[in-house]
Amino acid sequence: MTDALDAVSRAAVLDPDDVQQFMELGHPGNAADTPRIPPSAIATLCRELVIEEESELLVAMSDQDIVEIADAIGDSIYVLIYTAHCYGIPLAAVWREICDTNLNKVTHSTGIHRDPGTNKILKPPGWMPPDIAGILAAVIPRQVIYCPYCCKPHIDAGSFALTPHRTHLCDLTPGGEGCGKRFTLNELVFGVTP
């Protein structure tokens, strides 16, 4: 029996494409190719699915029912992958970044710091959080944005040049001659130099 289980475990790799296939058949159009905030109905569905599965997991853990715990963990992972597809999150890159930064909490040079009450591993001095904004920035399209009020090009600077966003302020133009009005676009983008 152990050999059979080992073979199943090796073959059962978490593959986001499995969820993508389900989405194409059951919810065509819900998945996004690039990061976005989905329409309200899709965001609400994702939120409700996550709450439902996490609630089932907490009940199973309270009941100490290992079969239901395993089922709820699997369902939670499935729903979270579904949610990542709906939001256009490049999950493999985000996962790798989070795994790498968590491993940096347990480096030999700083030792392992734990919360004495919970035994949770704490962030050591100098620890850097995952660069999720950088991952998203690498896959979100950059385009020239023009203010709909004054027609001047809008250029994002500072943290706005690193974080995709919909709402823009027209004062970040070359020479600063924008009209100062806020405007909102439908998709998450960065403003770049024309």
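Points to keep in mind about this one:
- Rounded accessible area of Ser40 (nearest 10 Å², 1.4 Å probe): 90
- Cα gyration tensor shape for the stretch 37-154, rounded if a/c is under 1.5, else prolate or oblate: oblate
- Residue-level accessible surface for Asp71, protein heavy atoms, 1.4 Å, Å²: 70
- The accessible-area ordering, largest first, of the residues Trp127, Trp95 stands as Trp95, Trp127, per a 1.4 angstrom probe.
- Förster radius 30 Å - calculated FRET efficiency between Tyr149 and Val50, Cβ distance, rounded to 0.05: 0.20
- Under 5 Å between amide hydrogens, built in the peptide plane, is the criterion, and for Cys147 it picks out Lys152, His154 among residues at least 5 positions away or on other chains.
- Annotation: extensible slack from Trp127 through Val106 equals 6.6 nm (criterion: 0.36 nm per residue apart, minus Cα-Cα distance).
- Modelled this way, with points 7 Å down the Cα-to-C-beta line, the labels at Arg96 and Val139 are 1.1 nm from one another.
- Anisotropy class of the stretch 20-104 from Cα gyration tensor, a/c 1.5 cut: oblate
- Since only Thr118, Leu58, Ile73 are under comparison, the one whose Cα sits farthest along the positive direction of the charge dipole of the stretch 31-127, derived from C-beta charges on Lys, Arg, Asp and Glu, is Thr118.
- R0 of 35 Å, Cβ-Cβ distance Glu187-Gln64: FRET efficiency to nearest 0.05: 0.15
- Full extension of the chain between Thr167 and Asp33 gives 46.2 nm of extra length, using 0.36 nm per residue less the Cα-Cα distance.
The values are calculated or read from the model by the stated rules, or taken from the named source; none is laboratory data. Since we're looking at a predicted model, the values are computed, not measured. Every residue, glycine among them, receives a Cβ derived from its backbone with ideal geometry; neighbour counts consider all protein chains shown. Surface areas here come from the heavy atoms of the whole protein model, side chains and all, with no ligands, DNA or RNA. Shrake-Rupley method; radii C 1.70, N 1.55, O 1.52, S 1.80 Å.
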